[in-house]
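The values are calculated or read from the model by the stated rules, or taken from the named source; none is laboratory data. Here the structure is a predicted model, which is why all the values come from computation and not from measurement. When we count neighbours, we look across all protein chains shown, and the Cβ atoms used for this are built from the backbone with ideal geometry, even at glycine. The protein model used for the area step is the full one, side chains on, heavy atoms only, and it has no ligands, DNA or RNA in it. Shrake-Rupley method; radii C 1.70, N 1.55, O 1.52, S 1.80 Å.
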Amino acid sequence: FLYFIERIQENHTTHTHYKRGGGEKMHTLPKRVLISDNVLISCVGHALTTEGEEIIGFCLGGQVGDDGLVWETCVRPRSDKQSDRVEVSPEDQIEAAQEAERVTDATGVPTRVAGWYHSHPKITCPPSHVDLRTQSTLQQYGISIGLIFSVFNEPTEYKQKTSRIQLHCFQSGAGDQPISLPVFVESQQEILQRASVGSSPQNDAKLVPLYKKSSPGSRGYGRGGEYSF
């Protein structure tokens with residue numbers, strides 16, 4: 001199944017660089033992630049559908065230089081019997097790759113499976129050791145972005161009982177150590193344009209960070225690769 005996924009990924013990848021070392025092909029990982037506003041809304045909405053178990057889906061997009069781009073999603077059903085875990089099955093990967101082909105046909109922009117996302121209901125958003133192992137495996141096939149949405153989690157530092165949504169963007173480094181990535185939001189049209197013609201200082205000046213304020217408890221508070229909104 002993974003061989004099939006790799007063939008689809010290679011057929012629909014543009015502007016993606018590869019490194020070779022020791023006879024093994026290595027994908028260059030993005031250093032920041034740009035997601036479209038519709039993707040952010042879709043992922044948050046999916047995560048909020050249940051507080052009793054984790055949800056899962058795939059991020060569809062591409063890579064330009066050091067930028068990981070996400071402009072569509074592919075929602076997948078749960079397959080793991082444990083409510084606090086999700087499993088990336090071969091069938092899920094095939095369906096996501098086929099959905100990427102459909103997005104390619106619809107937009108005219110080569111689209112591949114660029115990452116995956118899942119939720120952490122009622123707990124914080126840093127990746128678990130299982131998440132990091134899954135990410136490490138997926139990175140071998142160019143699926144280089146991991147997004148975790150923490151939902152229905154009530155922070156103890158707030159006097160009033162409230163709930164916030166947190167996002168953590170990560171990769172798996174050496175020894176499956178977590179690597180946090182900065183996240184920016186653009187419109188889908190702007191991200192598709194980046195995928196078609198590449199980034200430039202002009203459109204970088206228009207980038208909107210996912211958070212701006214830096215005081216705990218304020219809207220948009222972020223620590224490392226974690227963002228609250």
Regarding segment 105-123, can at least one residue be identified that is open to solvent by 50 Å² or more (accessible area, probe 1.4 Å) and at positive phi?
yes
Pick from GLY61, GLY115: which is touching a Cys at 6+ places or on another chain (Cβ under 8 Å) and modelled with pLDDT of 95 or more?
GLY115
Qualifying positions in segment 98-113 - assigned to a helix (DSSP H, G or I) and over 18 Å from LEU147 (Cβ atoms)
GLN98, GLU101, ARG102, THR104, ASP105, ALA106, THR107
Taking segment 34-53 and keeping residues of a type outside the set (Gly, Ala, Ser) and surrounded by 21 or more Cβ atoms within 10 Å (Cβ to Cβ) leaves LEU34, ILE35, VAL39, CYS43
Restricting attention to segment 61-79, and to residues there that are of a type in the set (A, V, I, L, M, F, W, C) and farther than 26 Å from PHE152 by Cβ, which single residue is most open to solvent (accessible area, probe 1.4 Å)?
VAL64
Within segment 41-57, which residues are free of Cβ contacts under 8 Å to residues at least 60 places away in the same chain and either touching a Leu at 6+ places or on another chain (Cβ under 8 Å) or not in a loop (DSSP other than H, G, I, E, B) (or both)?
ILE41, SER42, GLY45
Pairs under 6 Å by beta carbon, first residue free of Cβ contacts under 8 Å to residues at least 12 places away in the same chain and under 13 Å from GLY68 (Cβ atoms) in segment 126-146, partner open to solvent by 40 Å² or more (accessible area, probe 1.4 Å) and in a helix (DSSP H, G or I), six or more apart or different chains?
none
